[in-house]
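First the structure, in the form of structure tokens, and then the observations on it.
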Amino acid sequence: MRTFVRKLVIALITAWVTITATFILPRLMPGNPIEQLIGKLTGRVTPEEIAAIKAQFGQGLNEPVIVQYWHYLVNLFHGDLGTSITYSPQSVSSVIFGQLWWTLGLIGTATVLSFILGTALGVYFGWTRGARTDLFIPVAGFLQSTPFYVLGTLLVMIFAFRLHWFPFEGSYDATTVSPGWNWAFIASVLRYAQLPLASIVLCSLSGWMIGMRNMMVTTMSEDFVLMAVAKGLPKRKVMWHAARNAVLPQIANLTLAIGLLVSGALIVEQVFSYQGVGGLLVNAVSNLDYPLIQGIFLVITFTVLIMSAVGDVLYVWLDPRTRTATVE
Amino acid sequence: MNQIPANDAVVATTNGITRGEVILEATDLVRRFTAKGEGGLFAPKKTLVAVDRVSLALRAGEVVAIVGESGSGKSVLSRLLARIITPSAGTLALRGTPIDLRSRRTTAYANEVQLVLQDPFASINPVRRVGRSLERPLRIHGTPKDQVQARAYEVLESVSLTPPQQYLDRFPHELSGGQLQRVNIARGLSVRPKVLLADEPISMLDVSVRLGVLNLLRELCDAHLLAMMYITHDIASARYIADETAVMYAGQVVERGRGTVVIDAPVHPYTQLLVSSVPDPDQLTHQEHRATTANAVGFNLEGCRFSPRCPHATELCHTSEPPMVELEDGHSAKCWLVADAAQRTAVSMRPGPSSEG
Amino acid sequence: MTTSSNPVLEVSHFNVDYGVGAAAVRAVDNVTFTLERAHVLGVAGESGSGKSTLAYGLTRLLRAPGIITGGDVHLHLGTDADARRMDLLAASEAELRAIRWKHISVVMQSALNALNPVRKIGKEFDEVLKTHNRSMSKSARKDRARELLGLVNLTPDRLERYPHELSGGQRQRVMIAMALALQPELVIMDEPTTALDVVTQREIVAELQKLRQELGFALIFITHDLSLLVELADEIMVMYAGRIVERAPALELYRGPRHPYTLGLMGSFPPLHGERKVMTGIPGSPPNLKDLPGGCAFHPRCPYAMERCTLEDPMLSPIEDGQRTVACWLHDPSVSAAVPVELRRKDAALAGEAG
Amino acid sequence: MRRFRLPGTWKVRVGYFLLSIFILFTVIGPWVAPYDPSYTGFTPDLSPSSQHLLGTTLLGQDVMSQLLVGCRETLVVSFVAGVIAVVISIIVGLTAGYVGGKTDEVLSLFIAVFLTLPGLVLLIVIISLFPQGQQANPLVIGSVVALTGWAWGAKVLRAQTLSLRNRDFVEASRIIGERRWRTIFAEIGPNLLPVLASSLVGTVLYAVSVSTVLAFLGLTPITTWNWGTMLYWAFANNAALAGEWWWLAGPCLAIALVGTSLALINFGIDEYINPRLRVGNLSNRERKRAGLSRRPKLGFTPVHRVTPVIGAPVMAGAQTGPEVLATEATASTPAPREDHP
């Protein structure tokens, strides 16, 4: 229980830090970026919108900061992230949620796939360590240390441009299908998702794999695994004894990995011109669309928080030792 | 071995210390720990009493053995005496001078009271050469630089690591357990302390080298008139080395006595249990074992700590803490069984803790 | 011991190396012995003497880089009617799996490490019973697990516990109960009580003695505590630097050791009775297997060492009408030197006078 | 644990070799670059040739020169980030681990929060807020990257310090009266070196990837040369679409190789920190040399009868060539030590 409460507290504080950081950062930055922004925007947007942006970032307001903060929190609580500059007059939340599902789909599938595949491979490579399969480890190291987008670029070059096996950009074939719950659209989405997915999975899989392999090797030197052999259990059961324990640190590392994976996925979206929050973020940055940047940052952090909360629940569920408080 | 002087009139002195003189005296030392209870953030905190009103005196040239199982508080006691842990209550006096336990431990105190730890493989920094670990205490205690090495040689020789130059440049992993424990003892001795506390110094060693280290401790105690405390769970080794033995259970001293009396004629049921549990090939016949299941949980904090496991426990034992009763010269036990009838009724009238002074 | 012939385990010229080729270190060297049915063999020795390596090597459970480099190990399975002699070193993985736990079981030093931390105790019992007896029903398995816990004085509610929720003594009891689950002919225990308090150790040893009489399994019990072995074992084997240096019936070994190392080992345990006197233990340090002295490995620490000891390694040879064996030149008939009195007495009341 | 020296496996050696090449180019890159990387006067869109080893860009620039010149900025930013992150993680991790109690609670929370925040996104937010001029400063970029990347190292350091703090030698140094800061830095510190090295390598790896992403996205100035800006220009000019693979392959491979070299070194550090990854099994080469046919499997000790004469004393030192035993015995075979009582 204590672990649980602790994780909850950490999640809440992270959420609060994120929210507060998005409030403070634009106000703290040297050179007053908001003034610069407003200068650039003059003429492009209506005076009302400029006033709204000014209000959001505390420019030209006589309210004390703490009151601004309160308004900010109240707005946030109502799901109001302000108005996007680039996509004006759309609200930031509607802009983000229009794209979020693409990103969530990609990230979610990639996380699950890479975790399961990587862990399974790690179990195998750990079990057969000392065999020829050890040679895969440096290869995995190469993949692990290659940034997602570099691998994505290579995949595009080879499979899309050279071999024409896959489409090289976009999320679906906009010329032939239209979005909706129809088979043609779904098939197109699945086809277009393959390369981006492959590049994310290939890169993040190696991390899981190396981690799991090392944990397998470490766990296999524990007595209880030898004991399982001594009991005459069949190989797969012995492997399970080891894997069941070795997977625990993997899940504990989920928090870290998800953060990295999400960041990577945003960039991959960019490489493949895949629809989603990544493209939105780059657009927002190049257009100095601060409300949108803030919104994306918040939404992504919350996504990561929720995903790592799932990991934490999974961990407590899998490790009985965390369930009982022990007095040291 | 020449342990208890046959006659107290045979008085040896070194550095102005007389054999048998009380060097370090602890009175009613208490150490409580608070631990988080079960059930989330808001659970009440539990207080654990690791050391409960322990009094003892360490005398020059004598070894006091503290015997107890793991969790009996014997290691905490040694750290209280070394002042690495601050006592919750009680007093300490070094050569008659009371120590202010609220102040920081001074270098001077560290100079007088040294502690040798249990695990020789872990208690010397693995990335440093042995010589450096040995010279550090000397440097801290202000030995001039040019004398440090000479003293290190001297002290290595005194623990029979000869020739010393062979050991100074080695790394800990290059030495055996027995050699490392000697280095460990040498480090404790290098600053010429008056008190040496040894926390299970032989339990991690190979059986064949244990006796050598034990003998070394005894010799050093006699030669330098050290006041020594020897902590162990091995009763036989306590019997072998000690001038006085105290048995600890659940943070309290439950029986103590001079010489071998505690082990040869134990009166406290716990000491009896301990002694009868030691494998003893010479007495294979009477192995009938007093039924005391270790499964019994917890300590009784109301009455006698041992009463839940004690085969002789009465109602009184469960409700009221027994006093430390003096049986004969220097032998006393904290048990209602040995308290005579008169005392029993007298004390049971006024329940409450009482401890020996 | 050679007269009766109902062995459960026969070991001859057994060698175990760590590593291969030039880097190999011999951890068990030329070990030969026979264990009779329902007997207890105690193996004593210090760190690095090869006693654990021997135990794990015999069962072929030894981890890499351990390699069995020679000898034979035969296990006699089953009752008299369908008895079968199995070559453990030639056995395939499947054959080994089939006999493990059913015929040989193992108890390790630390029960905490030997129990899977994320599994309930009941699950571990269930798995063992299920693997080796497919026809057993789920409720029958559960009943059997309860019964087994009862054997070692534990209540059945422990089945629902995780290992970390039990005390050290309880865990070790669980391990012993589990080792007996399939009524094996041979149980190997590697320092099962070393990590426990002396009172708990006493209780477990008492239970072991009781169980052995009831169930009649043969036991190899490994420890560095000779006194414990004298109580528990029928026979004791003393190992030094990977070899057996002495083997004798337990009490005889205790009352009259023949090898200087055994004598020294006994002189290393202060007694619980009698007058206190200075004892010396064994000088020097345990040997480094990577760099063993030539000749008898014990000679640098041996107070009786002769020139021959530095040159030639003594073989384990029978002495005193084959009742016991020892590997020491002192007892060699061809050596003219007189055997010191402390190494030939029949019944010394107490060991430890020598040294 | 001994002195900190990485195991000399081929992985580590290859890692060192690759990394030292890149470090060499960091130093001499701009001097050995054949041309000015910004010079646009060459024939555009040339595939690799002896004149232009990595071809030219669509804008008529020499790719090789860009790669060599860009190496410096990329690696400098990454190492600056790595060093700053390690310094932060030492301060936070060591303090949390050694001081413990409330301090630890607060710092751990701090670490946990930074671990959860998606680093790159935070980075983008912060960088986008910086004024244009300062975005080019490697120190600024390095610091910001470090700010989002120190938490992992701090977490590992804290855990390691926590376990070291309870080790007997730390207590022993307190017993002899050592001062607290000396205990932390002189006694615990050296024991943390492998973990520190690992977290430095990890952070540099992270920084290489992240700083190039920033440039690639055009978030840091695109007018200076580093591998990120090379990719930016390549993508901006649709190099992939045009089939100009050399334009992309250079920076991509360089980034991947730097990453790989660091990952390989990290394998070595892992094996050093966790000896269980190292010992306990025989390498293929050892096995083959000894004529052992199969890989040892857990719980099935191989039987490999090598002693022709039963009972011949193999280890009897003097007789059977101690020189053979001495050569490798200390290096590769773990001491067959039984557990301590």
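The order of D:V87, B:V267, A:V150, going from fewest to most other C-beta atoms within 10 Å of their C-beta, is D:V87, B:V267, A:V150. The string of couplings for region C:33-39 from the Karplus curve (6.51, -1.76, 1.60, θ = phi - 60°) is 6, 10, 10, 7, 3, 6, 9 Hz, one whole number per residue in order, with x for Gly and Pro.
Computed over the alpha carbons of the protein assembly as shown, Rg followed by Dmax gives 36.1, 117 Å. Build a GNM of chain A with springs between Cα atoms under 10 Å apart, and of A:V156, A:V189, A:V92 the one that fluctuates most is A:V189. Ordering A:K231, C:K138 from the fewest to the most neighbouring beta carbons within 10 Å gives C:K138, A:K231. Here's how it looks for C:L219: its modeled amide H is under 5 Å from those of C:H39, C:V40, C:L41, C:V187, which are all 5 or more places away or on a different chain. Shielding of peptide A:159-167 by partners, expressed as the average count of other chain Cβ atoms within 10 Å per residue Cβ, is 1. In order along region A:48-54, phi translates into HN-Hα couplings of 4, 5, 4, 4, 4, 5, 4 Hz, rounded to whole numbers, per the Karplus curve 6.51 cos²θ - 1.76 cosθ + 1.60 with θ = phi - 60° and x for Gly and Pro. What residues qualify as long-range amide H neighbours of B:A227, i.e. H under 5 Å apart, gap of 5 or more or another chain, H built at 1.01 Å from N? Under 5 Å from the amide H of B:A227 lie the amide H atoms of B:G61, B:V195, B:L196, each far enough along the sequence or on another chain.
Taking other Cβ atoms within 10 Å as a rough exposure proxy, C:L196, C:L229, A:L154, A:L163 sort from fewest to most as A:L163, A:L154, C:L196, C:L229. Let me know the mean shielding of B:182-188 by other chains, meaning the per-residue number of their Cβ atoms within 10 Å of its Cβ. Whole-number average of other-chain Cβ neighbours for B:182-188 is 1.
Report, in listed order, any pair from A:K231/C:K142; B:K74/B:K334; C:K51/C:K277 with a Cα-Cα distance greater than 21 Å. In this structure, C:K51/C:K277 lie more than 21 Å apart at Cα. Could you tell me whether chain A comes out rounded, prolate or oblate from its Cα gyration tensor? Rule is a ≥ b ≥ c as square roots of the eigenvalues, rounded for a/c under 1.5, then prolate if a/b exceeds b/c, otherwise oblate. Taking the square roots of the gyration eigenvalues as a ≥ b ≥ c, chain A is oblate.
Amide H contacts of C:T69: C:N15, C:V16, C:D17, D:H304, each under 5 Å away and 5 or more positions distant or on a separate chain (H built 1.01 Å from N in the peptide plane; Pro and chain starts excluded). Applying the Karplus relation 6.51 cos²θ - 1.76 cosθ + 1.60 with θ = phi - 60° to region B:132-141 yields 3J(HN,Hα) values of 5, 4, 6, 7, 3, x, 5, 5, 4, 8 Hz, where x marks Gly and Pro.
Computed from the Kirkwood radius of its Cα pairs, the Stokes-Einstein diffusion coefficient for region C:76-121 at 25 °C and 0.890 mPa s stands at 189 µm²/s. The calculated FRET efficiency for the pair D:V87 and A:I13, based on their C-beta separation and a Förster distance of 30 Å, comes to about 0.80.
When each of the peptides A:131-144, D:165-178 is scored by the mean number of other C-beta atoms lying within 10 Å of its residues, the order from highest to lowest reads D:165-178, A:131-144. Pairwise alpha-carbon distances in region C:94-214 exceed 24 Å for 20% of all pairs. The charge dipole of the protein assembly as shown, taken about the Cα centre with unit charges on the Cβ atoms of Lys, Arg (+1) and Asp, Glu (-1), comes to about 1640 debye, rounded to the nearest 20.
Laboratory data are not the source of any read-out in this text; all were calculated from the coordinates shown. As the structure is a computational prediction, the values presented were derived from the model and not from experiment. Note: ideal-geometry Cβ built from the backbone for every residue, glycine included; neighbour counts use all protein chains shown.
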